[in-house]
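First the structure, in the form of structure tokens, and then the observations on it.
The values are calculated or read from the model by the stated rules, or taken from the named source; none is laboratory data. The structure presented is a predicted model; accordingly, all values stated were derived computationally and were not measured. Methodologically, a virtual Cβ is constructed for each residue, glycine included, from the backbone with ideal geometry; neighbour enumeration extends over all protein chains shown.
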Amino acid sequence: MKIKLLKKQIELLTSLPEQGMGYQIVDITLKNGRTLKEKVVLNSMYLQIDEKEKIDPNEIQTIKLHNK
Amino acid sequence: MIYKAYRSDTEKFLSLPETGMGYQVIEAKRSSDTVKEKFVVYNAELIVDLDNRFPEFIRQIKISSFPKVLNEAKPWIFETASISLVSKAILLERRILSENKEKYKHRYPDGKGAKDNPKECANGVELSVRLSPYENDRRIDFEKRKLKKGSYTTTEQDYKVCIKYNDDPVDRYALPNDEAIKRAFYIRPDKKDELQRGIVQPAFGHDGGGIEVFFENGTSDNTYLKTEPYGE
């Protein structure tokens, strides 16, 4: 499933480079300290997550491009 | 990256059958991750990332000696319990599929990704095409009619090949989502615009093999030309 990110998160990702045509791979830290690695963001605005992960974009503390 | 195994990992590798003579292809994950990554393990002790830099790592090993590389390799930090073999059937199926795609879909079998190739200046004539399932492509600056920094496209020529041979763009360009491509955004980079071109590397279970073009600094104003429905 995919969730739409907040405007400020979309703006941040739009300013960062892609890893391929139409997508970015990111590491996310939530406000509760949990981390999610190598998540795909489409069109700098849609975060792809597993059904069981259920993330609220408001819970996201930081989004960084994944750097392998 | 090239790693050396801890003893516990070596014991685990030795308990598993070989994929081929002297090597194993395995998957494993970091403790903090949910996604497994693929590796080639040599002699149950030297581990090499099986990603788009794999040929480069193999060259390093060939240039240097196996013991020297092993001595200088970083410790492998993946979960021993997560180690599993990648079945030979999957590897074989992938290879045959790629050969068919190379022959019938005019894919490029090997070559570096765009970012691994040197920069060149656009010729002011060649068209780039950006494919997307979305109408509001965030990487196009529709106000200044340009491509934003750090964006990828393919060439118009490769896009035409994709259409002509009825290829699957999601597989050809190794896209992470299986949504149908609906839009083609045309850009004609200016002569002063720098770009890097290369071959799309396998990713997300897709073979890649199309042409990709990376614009680190985007393109100049008024280089975005038009949007067309995919395939038209």
**Asked** What residue, among those in region B:199-219 that are among the aliphatic types (A, V, I, L, M) and at the interface with chain A (Cβ under 10 Å from one of its Cβ atoms), is surrounded by the fewest Cβ atoms within 10 Å (Cβ to Cβ)?
**Response** B:Ala203
**Request:** Could you please give the count of residues in region B:37-82 that are within 14 Å of chain A (Cβ to nearest Cβ) and more than 22 Å from B:Ala203 (Cα to Cα)?
**Result:** 3
**Request:** Tell me which residues, restricted to region A:33-68, are within 14 Å of chain B (Cβ to nearest Cβ), surrounded by fewer than 12 Cβ atoms within 10 Å (Cβ to Cβ) and acidic (Asp, Glu).
**Result:** A:Asp50, A:Glu51
**Prompt:** Of all residues in region B:27-36, which are touching a Lys or Arg at 6+ places or on another chain (Cβ under 9 Å) and more than 9 Å from chain A (Cβ to nearest Cβ)?
**Reply:** B:Glu27, B:Ala28, B:Lys29, B:Lys36
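Quick check on region B:8-29. Is at least one of its residues basic (Lys, Arg) and over 11 Å from B:Ile83 (Cβ atoms)?
no
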**Asked** B:Glu179: surrounded by fewer than 22 Cβ atoms within 10 Å (Cβ to Cβ), closer than 17 Å to B:Cys121 by Cβ and modelled with pLDDT under 95, yes or no?
**Response** no
**Message:** Being in contact with a Phe, Trp or Tyr (Cβ under 7 Å, 6 or more places away or on another chain) and away from chain A (no Cβ under 11 Å): is that true of B:Leu127 here?
**Reply:** yes
**Prompt:** Residues of region B:1-36 being of a type in the set (Lys, Arg) and over 24 Å from B:Phe204 (Cβ atoms), which ones?
**Reply:** B:Lys4, B:Arg7, B:Lys12
**Request:** Filter region B:131-144 for residues that are part of a strand (DSSP E or B) and either in contact with a helix residue (DSSP H, G or I) (Cβ under 7 Å, 6 or more places away or on another chain) or at pLDDT 95 or above (or both) and give the result.
**Result:** B:Leu131
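Yes/no matrix, rows are residues, columns are (1) hydroxyl-bearing (Ser, Thr, Tyr); (2) in contact with a strand residue (DSSP E or B) (Cβ under 7 Å, 6 or more places away or on another chain):
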| position | (1), (2) |
| --- | --- |
| B:Ser32 | yes, yes |
| B:Lys38 | no, yes |
| B:Asn43 | no, no |
| B:Asp49 | no, yes |
**Fill in**
Filtering region B:6-56 for residues that are of a type outside the set (Gly, Ala, Ser) and either in a loop (DSSP other than H, G, I, E, B) or touching a Ser or Thr at 6+ places or on another chain (Cβ under 6 Å) (or both) leaves a count of 22
**Fill in**
Within region A:6-32, the residues that are part of a loop (DSSP other than H, G, I, E, B) and buried (at least 21 other Cβ atoms within 10 Å of the Cβ) are A:Glu18, A:Gln19, A:Met21, A:Gly22
**Request:** Would you be able to tell me the number of residues in region B:106-145 that are buried (at least 19 other Cβ atoms within 10 Å of the Cβ), touching a residue at least 60 places away in the same chain (Cβ under 8 Å) and touching a Gly at 6+ places or on another chain (Cβ under 6 Å)?
**Result:** 3
